[in-house]
1. Could you tell me which of the residues Ser238, Ser217 is of a type in the set (Ser, Thr, Tyr), at negative phi and in contact (Cβ under 8 Å) with a residue 60 or more places away in the chain?
2. Which residues, counting only those in the range 194-210, are over 16 Å from Leu27 (Cβ atoms) and crowded, with 17+ Cβ neighbours inside 10 Å?
3. Can you tell me which of Leu65, Leu95, Leu103, Leu83 is more than 16 Å from Tyr44 (Cβ to Cβ) and crowded, with 16+ Cβ neighbours inside 10 Å?
4. Any residue in the range 155-166 that is over 16 Å from Tyr204 (Cα atoms) sitting within a Cβ distance under 6 Å of a residue that is of a type in the set (Phe, Trp, Tyr)? List the pairs, counting only those 6 or more apart or interchain.
5. Do we find a residue being charged (D, E, K, R), assigned to a helix (DSSP H, G or I), modelled with pLDDT under 90 and under 16 Å from Val195 (Cβ atoms) anywhere in the range 29-38?
Amino acid sequence: MRKGVLSLFLVAVVVLATGCVGKNTGLTEGKIINAIRNIKTAHYDENFTMTMDFAVPDDNTTVNLTTSFRISAIMDRVNKRALGNYTGWVYYNGLNITFNWPLYIEGNATYLKIDGKWYNSTDDQETGSGSYNLDAIRNILNSTNVTIISLDDGYQFKLNVTFEQFANATGRTYALNKLFPMNGTVETHEGWVLVKLKKDGTPYYIETYFNLTLWISNPFDSERIPVHMTIHDSETLSRINEPVVIEKPKGVEKAPHLDGLWD
């Protein structure tokens, strides 16, 4: 009897030590969704890295590409505006390209300032302003039950997801169509999203990771080409709901499309 009581006591200690108290935290998906809706303004810092490699068919060469960028900006979700900086680099088979561009978002339009001139870099189906990850988390919670873990300063949850599920949750499914212009498919070997929350349920840190194989059809024969990719993205929100004023930069109204930069 004493042995059984001791075993139960040790299990309880382990559960409490890890903070894994699941739904008994008192924080529900509904409270988190409501907290996301209540985020009106914020500063956000996003860091994104993607690696890609594939073998060229009928050749002994391998293509390697790595791209990394950081977006540091303020966003106003009520007026659908964001203003900040977009910096990063692209490494492609020995060639390294760096960039540092001011960024402005208004409604469905995204603008970049390159060499002192604003350009419209909006995709045909670009939507929203600021954090797409907030929209994804809200949509995931609307359709999925999660185990919420209690931390010293708040809560967190981690959920396994496929790349397609997360892309759908962001409302940017057209991105999948761009990845597969020739009827390709995606295989998720590992995929997850980690969200840290304040005590009131407000997300302040969102991290995603994907290990993928893209199967792209070879345009010259019936074979499919495997493309290995890893994607790692993290975003931190701070100064939530503090007053911000985002004014439209001069030159944005007549900004040509970014495609014209290389005409």
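The values are calculated or read from the model by the stated rules, or taken from the named source; none is laboratory data. Quick caveat: nothing in here was measured; it's all calculated off a predicted structure. Don't worry about glycine lacking a Cβ; one is built from the backbone with ideal geometry, like all the others, and counts go over all protein chains shown.
1. Testing whether each residue is of a type in the set (Ser, Thr, Tyr), at negative phi and in contact (Cβ under 8 Å) with a residue 60 or more places away in the chain leaves just Ser238.
2. Ile206, Glu207, Thr208, Phe210
3. Just one listed residue meets the conditions, Leu65.
4. Asn160/Trp192; Phe163/Phe210
5. Yes, some residue in the range 29-38 is charged (D, E, K, R), assigned to a helix (DSSP H, G or I), modelled with pLDDT under 90 and under 16 Å from Val195 (Cβ atoms).
To keep it simple, each residue is scored yes or no on (1) at pLDDT 90 or above; (2) closer than 23 Å to Asn38 by Cβ; (3) part of a strand (DSSP E or B).
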site: Glu164; (1), (2), (3): no, no, no
site: Ala167; (1), (2), (3): no, no, no
site: Arg172; (1), (2), (3): no, no, no
site: Ala175; (1), (2), (3): no, no, no
site: Thr188; (1), (2), (3): yes, no, yes
site: Lys196; (1), (2), (3): yes, yes, yes
site: Asp200; (1), (2), (3): yes, yes, no
